[in-house]
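Heads up: the structure comes next, in structure tokens.
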């Protein structure tokens with residue numbers, strides 16, 4: 001396998017896919033959009049199992065959250081705790 005391969009997953013966000021998210025509140029039936037979630041999850045797990053690096057929005061979220069926390073509190077943020085909370089919230093422990 002090429003060492004230059006990675007799986008990049010983008011726009012699997014609550015705003016787009018959650019039945020209570022922004023798109024759904026705008027009147028769009030997100031059930032059609034949500035149909036891809038199980039396939040994407042299987043692909044993600046298979047890539048991880050094969051040792052293929054995976055990239056999703058969690059690191060961006062952690063980075064933004066950490067910077068906001070540090071700016072607001074003046075204390076260092078625990079990026080690992082934020083990362084774990086994000087994985088837990090996504091059901092991806």
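Structure above, values below:
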{"item": "Residue check, residue 71 in a helix (DSSP H, G or I) and more than 16 Å from the chain's Cα centre (by Cα)", "result": "yes"}
{"item": "Residue in segment 16-34 that is farthest from the chain's Cα centre (by Cα), counting only those that are assigned to a loop (DSSP other than H, G, I, E, B) and loosely packed, with under 10 Cβ neighbours inside 10 Å", "result": "27"}
{"item": "Those residues of segment 41-81 which are modelled with pLDDT of 90 or more, out of contact with any helix residue (DSSP H, G or I) (no Cβ under 6 Å at 6 or more places or on another chain) and surrounded by 14 or more Cβ atoms within 10 Å (Cβ to Cβ), in sequence order", "result": "43, 47, 52, 69"}
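The values are calculated or read from the model by the stated rules, or taken from the named source; none is laboratory data. No experiment lies behind these values; they were computed from the predicted model shown. Glycine also receives a Cβ, built like all others from the backbone with ideal geometry; neighbour counts cover every protein chain displayed.
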